Amino acid sequence: MLQAKSLAEDFAKHVAGCPSGIIACNVGAAAEAWFQVELAHLLVRAGLDSVHFGYDYPNSREKADLAVKGKWGLSVIEIKCFVQGADSKKMATWPLQLKRLLNLVENGVAAQGVAVSTYYGYSEKKTSDLLFRFYPVPWSHSGAVRFIEDAPLQLVVATASNPNHRLAS
């Protein structure tokens, strides 16, 4: 399974090494599509069985950002970029996305849900409060990780896994 802390560290290092990473990490703009492409690239390079853009939630019109398959089964990934002062709608919808993701795991549809979120312009206390609010048990999260030491953008990766999930034969 994907591990929150190691994925956060690997992704932060990957983004820091991208030519446009310095810009993405210093500008108060939500770059979800860019992060989606870069995360997919990282996961492909890591040798996962498959990486797909988009995942259609069963019996819904909703779609997750990425789906990856590894030896453990399916991991579904949601990405959300928060920018202080421009996030009121996202603050309301992110918990709903996380609940939908967790339902996939709890119902055995996916082995793992992965939530990737970035935070720009937030104090350490505000970020900590958001992590407490967004990722209660059974979520496990990396804590806030800086992509680039002097850049204000922070990354958090959270995972929820179903230890009883079995691959279909």
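The values are calculated or read from the model by the stated rules, or taken from the named source; none is laboratory data. Bear in mind the structure is a predicted one, so any value in this text is a computation, not a measurement. Note: ideal-geometry Cβ built from the backbone for every residue, glycine included; neighbour counts use all protein chains shown.
Applying the condition of being acidic (Asp, Glu) and more than 17 Å from Ala144 (Cβ to Cβ) to the stretch 7-61 and asking which residue is nearest to the chain's Cα centre (by Cα) yields Glu32.
Scanning the stretch 68-88 for residues that are of a type in the set (A, V, I, L, M) and either buried (at least 20 other Cβ atoms within 10 Å of the Cβ) or under 18 Å from Val157 (Cα atoms) (or both) yields Val68, Leu74, Val76, Ile77, Ile79, Val83. Against the conditions (1) outside any strand (DSSP E or B); (2) among the hydroxyl-bearing types (Ser, Thr, Tyr); (3) more than 16 Å from Ala30 (Cα to Cα), Thr159 satisfies every one except (1).
Looking for something surrounded by 14 or more Cβ atoms within 10 Å (Cβ to Cβ), modelled with pLDDT under 95 and out of contact with any Cys (no Cβ under 6 Å at 6 or more places or on another chain) - is there at least one such residue anywhere in the stretch 4-15? No: zero hits.
Of the residues making up the stretch 3-59, those that are under 19 Å from Gln154 (Cβ atoms) and outside any helix (DSSP H, G or I) are Gln3, Cys18, Ser20, Cys25, Asn26, Val27, Gly28, Ala29, Ala30, Ala31.
Scan the stretch 77-106 for residues that are touching a helix residue (DSSP H, G or I) at 6+ places or on another chain (Cβ under 8 Å), assigned to a strand (DSSP E or B) and closer than 19 Å to Asp129 by Cβ and jot them down. Within the stretch 77-106, Lys80, Cys81, Phe82 qualify.
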